[in-house]
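Below is one structure, written out as structure tokens, with a few remarks after it.
The values are calculated or read from the model by the stated rules, or taken from the named source; none is laboratory data. What you see is a predicted model; the values in this text were computed from it and never measured. Here the Cβ is made from the backbone with ideal geometry for all residues, glycine too, and neighbour counts use every protein chain on show. Please note that ligands, DNA and RNA were not included when accessible areas were found on the heavy atoms of the full protein model with its side chains. Shrake-Rupley method; radii C 1.70, N 1.55, O 1.52, S 1.80 Å.
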Amino acid sequence: MFVGKITRMAQRISRREFVKAGTAAGVAAASARPGFAQAPTVLAPKTVKPVVIASANGNKYKNGGPRSAVEEAFARMTRGEDVLDAVIAGVNIVELDPEDDSVGYGGLPNADGVVQLDSCCMHGPKKRAGGVAALEGVRTPSLVAKAVLEQTDHHLIVGQGAQDFARAMGFKIEEDLNTENSRRKWLDWKRRIDPKHYLDPAKRTEAGDRARREMVAEGLLDAEHVYGTINCDGINAKGEICGVTTTSGLSWKIPGRVGDSPILGAGLYLDGDVGAAGSTGRGEANLFNLSSYLIVEGLRRGLHPKDAGMEALKRVAANTVEKRLLNDRGHPMFDLKFYVLDRQGRHAGLAMHGGKEKSYAVCTEAGPQTLACDVLFEEADTE
Ligand code: GLY
């Protein structure tokens, strides 16, 4: 008993010594407010090598310009722009690119053929956040989310209210955000599920899921664009962290369905003193587990981004029990990815499954890269 007490005390002392040693080595405690600190105190270097991370589409689309999302965000951030402005300018490239049908303009529409967009953003140093959901008619929902962050006392505005707010803020409202590509794919899906008009609701859902899978198998639909989404997070040399997530959501969703992307703690969470996490993939799994919040709390406990992300994937897997969501090995059949950045500039991409395109985008001084995600289950997802 006595020995046990000494051992625990020794552990506590060695932790304190570790903190002191870290500080002496040029590491500063993050700026937690006295009396409000959330233990344990996070240690952060005084200067950080700037880095931007994103889902893989952050290094794929350029909308006809010279730079991908991570390159644009990195260039702006390192010439002194606010980190949130920089990462949003990055994702705007993908939102506006008609070739990416998972985000913004030309995103795959809902079951009625209407493009409804979700986004949220968070500003680390300012500790502010904003989001919009089920927004119609604005190509860049991330900028409307930023207007919510900057111009209101609220964190989330949805549906018609979000569009009215965007109009009041001077955004152009368009009748229809479909492109020829997104409309053609929606019509193909509609033809498959609705050959003789409406089925009963259960059969209709089943037919809708089957049609989605058939379209992926036939190469008509990019598997990565079923849920779509871009998440982008950056940290500058001062250690300021900001992030944004934006999406057209699940393709052919029930109108009004909102996924994880605009929800703080689900599709995005960050604490400027700790780190950031964002997500793409099956939003329902992420909403149920609030994974981005869970990951940031893992970073707060001192986990490496890879371990914090893996912990969240395991939590999602443990909470997935419905047979329809499991593959023949008893693992979740869907994919979910996390992008994690900590206050020291360390990062990781994590995916529930192996297989094709399990990567994430990074930009540093060395330029843009697409890196492999760490995966929880080696087999490919079957969604
Ligand atoms: N992760 C995007 C969505 O589920 O809407």
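Residue under question is G259, and the condition is that it be in contact with a strand residue (DSSP E or B) (Cβ under 8 Å, 6 or more places away or on another chain) and either modelled with pLDDT of 95 or more or more than 12 Å from the ligand (Cβ to nearest atom) (or both); does it hold? First the steps, then the outcome.
Values: in contact with a strand residue (DSSP E or B) (Cβ under 8 Å, 6 or more places away or on another chain): yes; either modelled with pLDDT of 95 or more or more than 12 Å from the ligand (Cβ to nearest atom) (or both): yes.
So G259 fits the description; yes.
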| said: Would you confirm whether or not segment 315-323 contains a residue that is at positive phi and of a type outside the set (D, E, K, R)? | reply: no
| request: Can you confirm whether segment 106-114 contains a residue that is at pLDDT 95 or above, buried (at least 22 other Cβ atoms within 10 Å of the Cβ) and among the β-branched types (V, I, T)? | output: no
| field | Residue list for segment 278-291, restricted to those being hydroxyl-bearing (S, T, Y) and more than 10 Å from the ligand (Cβ to nearest atom) | value | S291
| request: Check segment 78-91 and report whether any residue there is surrounded by 21 or more Cβ atoms within 10 Å (Cβ to Cβ) and more than 19 Å from A145 (Cα to Cα). | output: no
| note | Taking first residues from segment 148-170 that are under 16 Å from L84 (Cβ atoms) and second residues anywhere that are assigned to a strand (DSSP E or B) and open to solvent by 80 Å² or more (accessible area, probe 1.4 Å), the pairs with Cβ under 9 Å that are 6 or more apart or on different chains are L149/R128; E150/R128; H155/R128
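Conditions (1) farther than 19 Å from D273 by Cα; (2) open to solvent by 30 Å² or more (accessible area, probe 1.4 Å); (3) at pLDDT 95 or above; (4) not in a strand (DSSP E or B), marked per residue:
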site: D307; (1), (2), (3), (4): no, yes, yes, yes
site: E311; (1), (2), (3), (4): yes, yes, yes, yes
site: V321; (1), (2), (3), (4): yes, yes, yes, yes
site: G330; (1), (2), (3), (4): yes, yes, yes, yes
site: F334; (1), (2), (3), (4): yes, no, no, yes
site: Y339; (1), (2), (3), (4): no, no, yes, no
site: Q344; (1), (2), (3), (4): no, yes, yes, yes
site: A348; (1), (2), (3), (4): no, no, yes, no
| request: For segment 90-118, name all the residues that are farther than 25 Å from G239 by Cβ and small (G, A, S). | output: S102, G104, G106, G107, A111, G113
| said: If G275 satisfies all but one of (1) more than 10 Å from the ligand (Cβ to nearest atom); (2) under 11 Å from the mean Cα position of the chain (by Cα), what's the number of the condition it fails? | reply: (2)
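Got at least one residue in segment 141-154 being within 17 Å of G228 (Cα to Cα) and under 18 Å from the mean Cα position of the chain (by Cα)?
Within segment 141-154, the first condition is being within 17 Å of G228 (Cα to Cα), and the residues that meet it are 141-142.
Those left that are additionally under 18 Å from the mean Cα position of the chain (by Cα): 141-142.
Looking for residues that are within 17 Å of G228 (Cα to Cα) and under 18 Å from the mean Cα position of the chain (by Cα), one finds at least one in segment 141-154, hence yes.
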| task | Within segment 123-167, work out how many residues are open to solvent by 60 Å² or more (accessible area, probe 1.4 Å), of a type in the set (A, V, I, L, M, F, W, C) and either farther than 29 Å from R343 by Cβ or not in a loop (DSSP other than H, G, I, E, B) (or both). | result | 1
| note | Note: among E72, E95, E17, just one is assigned to a helix (DSSP H, G or I), over 23 Å from E365 (Cβ atoms) and at pLDDT 60 or above, namely E95
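Can you find even one residue in segment 171-186 that is hydrophobic (A, V, I, L, M, F, W, C), at pLDDT below 95 and open to solvent by less than 70 Å² (accessible area, probe 1.4 Å)? Break it down stepwise before answering.
Filtering segment 171-186 down to residues hydrophobic (A, V, I, L, M, F, W, C) leaves 171, 173, 177, 186.
If we keep only those that are at pLDDT below 95 as well, we get 186.
Next, from what is left, pick out any that are open to solvent by less than 70 Å² (accessible area, probe 1.4 Å): 186.
Scanning segment 171-186 turns up at least one residue that is hydrophobic (A, V, I, L, M, F, W, C), at pLDDT below 95 and open to solvent by less than 70 Å² (accessible area, probe 1.4 Å).
Has segment 185-198 got at least one residue that is of a type outside the set (F, W, Y) and within 16 Å of the ligand (Cβ to nearest atom)? Let's see the steps before the verdict.
Taking segment 185-198 as the starting set, the residues that turn out to be of a type outside the set (F, W, Y) are 185, 187-188, 190-197.
With the extra rule that they be within 16 Å of the ligand (Cβ to nearest atom), the set shrinks to none.
Checked segment 185-198: no residue is of a type outside the set (F, W, Y) and within 16 Å of the ligand (Cβ to nearest atom).
Determine, yes or no, whether L264 is within 15 Å of the ligand (Cβ to nearest atom), closer than 22 Å to L84 by Cα, open to solvent by 30 Å² or more (accessible area, probe 1.4 Å) and among the aliphatic types (A, V, I, L, M).
Values: within 15 Å of the ligand (Cβ to nearest atom): yes; closer than 22 Å to L84 by Cα: yes; open to solvent by 30 Å² or more (accessible area, probe 1.4 Å): yes; among the aliphatic types (A, V, I, L, M): yes.
For L264, the condition - within 15 Å of the ligand (Cβ to nearest atom), closer than 22 Å to L84 by Cα, open to solvent by 30 Å² or more (accessible area, probe 1.4 Å) and among the aliphatic types (A, V, I, L, M) - is met.
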| In segment 44-51, is there at least one residue being at pLDDT 95 or above and in a loop (DSSP other than H, G, I, E, B)? | yes
